[in-house]
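Beneath this line is the structure, given in structure tokens, with notes to follow.
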Amino acid sequence: MLFPTFEFAIFFFIVVIGNWVLKRWEIPWKVFLLIASYYFYGSWNVKLLGLIFFVTVSSYLFSILIAGSKDSLHKKLYLTISIALSLSVLGFFKYYDFFIHSLNLILSPSQPIDATLSGIILPIGISFFTFQAISYTVDVYRGEIQADSSKLGALNYMVYIAFFPQLVAGPIVRAKIFLPQFRPDYAKKVPNMHLAFFLIMGGLVKKLILSTYLLEHLVKDVMITPFAYSPFEILLGIYAYSAMIYCDFSGYTDIAIGTALLLGFRFPDNFNNPYQAVNIQDFWRRWHISLSTWLKDYLYIPLGGNRLGVTMTQVNIMVTMILGGLWHGASFSFIIWGALHGVALVFHRGWQGIKKHLFPGFEGNKWTQALAILLTFHYVSFLWIFFRPDLKDSLNILSALTRFETGIHGISLHVVLAIGVGLGINFFGDRIQEIYLRMQTRSPYLLQWINNSLVLIGIIAMSPDTIPDFIYFQF
């Protein structure tokens, strides 16, 4: 059940009504949200409901054991088992075949082990809800949140893991942000409806119009058959891919945050104009923020962070980014993508230290900032080449990009315009939101609905007949 479909619109309309009608009765309200979320997830594959139920129950039970234990060794043991169970589920479904394939390449390339499971199904959203389960258990262990062993506490946790707006592609919401919103004083707050509608409609524009158009009219062909295009056309294809990935993923996130807001839940931002980043560290403060902060809090810092000296800091950065790349997909291309981001972060950290000695007090100006944004964007865009399941595709693109050939054979002005708009959202998107919110708050109620209806009709009219899956569904 994709977000931008008529099926989801009917489902969500029913959920919104049921949500606000039942909100005065705490348990029926939460049971309703849980049933709706399980129905949503089961619409993809009903067999996978047992999987999310297992991850939910196991992580919750071990969190209760951690909270109830006074022995530090027992706490660590329960934490280790809980994390191991969640990672085992993730590892089996997502990485088992990749592990066997890698083992064959190393140990017996001439006589490979026939142990792959070709029929294995990658459960949608598994990387997201396992990370949420792990973060909850770790936060309980650290004492940052209290595990609630009551029946209501168990129900709250089940809704937290399965909550459908962010279930299949994020953002990765922390329990300490989500669970307090069940409090009666918080649950009664009226959401910002104008912001919710803007986020949903903006997300639909990003996905249905910009991302899908770029995929169908340039990205798909350039990425699959790069040798049919000149290096300049491939470069345009890379720019288009950068715009497409941003519009696709941030579009989903906007819809997720908007739908959650209509239900009365507030999620933190997951993107903050990432292509405005002035360096690679700044990029990761702006891109997929819920993942980058998760990796920092639950991987980089536990590894030692920057507390163990320069060398170990660099090692910790590389390990974190390589595993972050692997989180995106079971492929060497994603590992390379993560490793190259790690190299850039290590270089940036070293350069910051050198710059303090060579140019003390240098703050830069708007021209150096513009140059920094341009360089960062091009490095990030170059690395998107590896953001693909098949490494051969990435290598073919690199090979085709180095040829000496000129010409533009079939790229229309509309495609170039779509690239400009997709990337330009990073620079004027906030301004559009500000204008929309100001206009709606000052307009009569009827005019507000007319404005939203006209925008929605325009989106539907410009939408393609077939809607491709969101990119991050594969993670």
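Quick look at the values:
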| quantity | calculated |
| --- | --- |
| Pick from the stretch 53-80, criterion out of contact with any helix residue (DSSP H, G or I) (no Cβ under 6 Å at 6 or more places or on another chain) and of a type in the set (A, V, I, L, M, F, W, C), ranking: surrounded by the fewest Cβ atoms within 10 Å (Cβ to Cβ) | Leu73 |
| Out of Asn279, Asn270, sole residue that is under 20 Å from the mean Cα position of the chain (by Cα) and closer than 28 Å to Leu345 by Cβ | Asn270 |
| Filter result (of a type outside the set (Gly, Ala, Ser) and in a helix (DSSP H, G or I)) within the stretch 34-50 | Leu34, Ile35, Tyr38, Tyr39, Phe40, Tyr41, Val46, Lys47, Leu48, Leu49 |
| Cross-chain or 6+ apart pairs with Cβ under 7 Å, the stretch 133-157 first and in the same structural domain as Gln181 (by TED's automatic domain parsing), then surrounded by fewer than 17 Cβ atoms within 10 Å (Cβ to Cβ) and basic (Lys, Arg) | Asp139/Lys176; Glu144/Lys176; Ile145/Lys176 |
| Test result for Phe53, modelled with pLDDT of 95 or more, under 25 Å from Thr253 (Cα atoms), among the aromatic types (Phe, Trp, Tyr) and part of a helix (DSSP H, G or I) | yes |
| Scan of the stretch 446-468 for residues that are in contact (Cβ under 8 Å) with a residue 12 or more places away in the chain and not small (Gly, Ala, Ser), ordered by number | Gln448, Asn451, Asn452, Val455, Leu456, Ile459, Met462, Pro464, Ile467, Pro468 |
| Single residue of Leu395, Leu417 found to be out of contact with any strand residue (DSSP E or B) (no Cβ under 7 Å at 6 or more places or on another chain) and either closer than 30 Å to Leu195 by Cβ or among the β-branched types (Val, Ile, Thr) (or both) | Leu417 |
| So Phe92, is it within 22 Å of Met158 (Cα to Cα), free of Cβ contacts under 8 Å to residues at least 40 places away in the same chain, in a helix (DSSP H, G or I) and hydrophobic (A, V, I, L, M, F, W, C) | no |
| Arg285, sole failed condition from (1) at pLDDT 95 or above; (2) buried (at least 17 other Cβ atoms within 10 Å of the Cβ); (3) within 17 Å of the chain's Cα centre (by Cα) | (2) |
| Cβ-Cβ under 7 Å pairs, at least 6 apart or on other chains, the stretch 347-362 side under 15 Å from Asn279 (Cα atoms), far side part of a helix (DSSP H, G or I) and modelled with pLDDT of 85 or more | His348/Ile280; His348/Gln281 |
| Residue satisfying all of: in the stretch 2-19; in a helix (DSSP H, G or I), touching a residue at least 12 places away in the same chain (Cβ under 8 Å) and of a type in the set (Phe, Trp, Tyr); surrounded by the fewest Cβ atoms within 10 Å (Cβ to Cβ) among these | Phe11 |
| Filtered residue count, the stretch 408-439, keeping only those that are surrounded by 15 or more Cβ atoms within 10 Å (Cβ to Cβ) and of a type in the set (S, T, N, Q) | 2 |
| Tyr239 buried (at least 18 other Cβ atoms within 10 Å of the Cβ), in a helix (DSSP H, G or I) and among the hydroxyl-bearing types (Ser, Thr, Tyr) | yes |
| Within the stretch 120-142, tally of residues that are of a type in the set (Asp, Glu) and buried (at least 23 other Cβ atoms within 10 Å of the Cβ) | 0 |
| Hey, Leu299 buried (at least 17 other Cβ atoms within 10 Å of the Cβ), at pLDDT below 95, of a type outside the set (Gly, Ala, Ser) and in a helix (DSSP H, G or I) or not | no |
| Subset of the stretch 425-465 [over 15 Å from Phe198 (Cβ atoms), of a type in the set (Ser, Thr, Tyr) and not in a helix (DSSP H, G or I)] | Ser463 |
| Matching residues, the stretch 95-135, being modelled with pLDDT of 70 or more, of a type in the set (A, V, I, L, M, F, W, C) and outside any helix (DSSP H, G or I) | Ile121, Leu122, Ile124 |
| Residue pairs meeting the criteria (Cβ under 6 Å; at least 6 apart or on separate chains; first assigned by TED's automatic domain parsing to the domain that holds Asp269, in the stretch 414-442; second part of a helix (DSSP H, G or I) and loosely packed, with under 15 Cβ neighbours inside 10 Å) | none |
| Check on Val159, surrounded by 18 or more Cβ atoms within 10 Å (Cβ to Cβ) and either in a loop (DSSP other than H, G, I, E, B) or not aliphatic (A, V, I, L, M) (or both) | no |
| Any pair with Cβ under 9 angstrom, 6 or more apart, that starts in the stretch 175-191 at a residue that is loosely packed, with under 10 Cβ neighbours inside 10 Å and ends at one that is at pLDDT below 95 | Pro184/Glu26; Val190/Gly264 |
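Per-residue answers, yes or no, for (1) of a type outside the set (Phe, Trp, Tyr); (2) within 26 Å of Ile245 (Cβ to Cβ):
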| position | (1), (2) |
| --- | --- |
| Gly353 | yes, no |
| Lys356 | yes, no |
| Ala372 | yes, yes |
| Ile411 | yes, yes |
| Ala418 | yes, yes |
| Gln440 | yes, no |
| Tyr445 | no, no |
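Okay, residues lined up against (1) among the β-branched types (Val, Ile, Thr); (2) out of contact with any His (no Cβ under 6 Å at 6 or more places or on another chain):
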position	(1), (2)
Tyr241	no, yes
Tyr246	no, yes
Thr259	yes, yes
Val278	yes, yes
Leu303	no, yes
Thr311	yes, yes
Asn316	no, yes
Met321	no, no
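The values are calculated or read from the model by the stated rules, or taken from the named source; none is laboratory data. Worth saying up front: this structure is predicted, and the values here are computed from it rather than measured. Glycine gets a Cβ as well: all are built from the backbone with ideal geometry, and neighbour counts include every protein chain shown.
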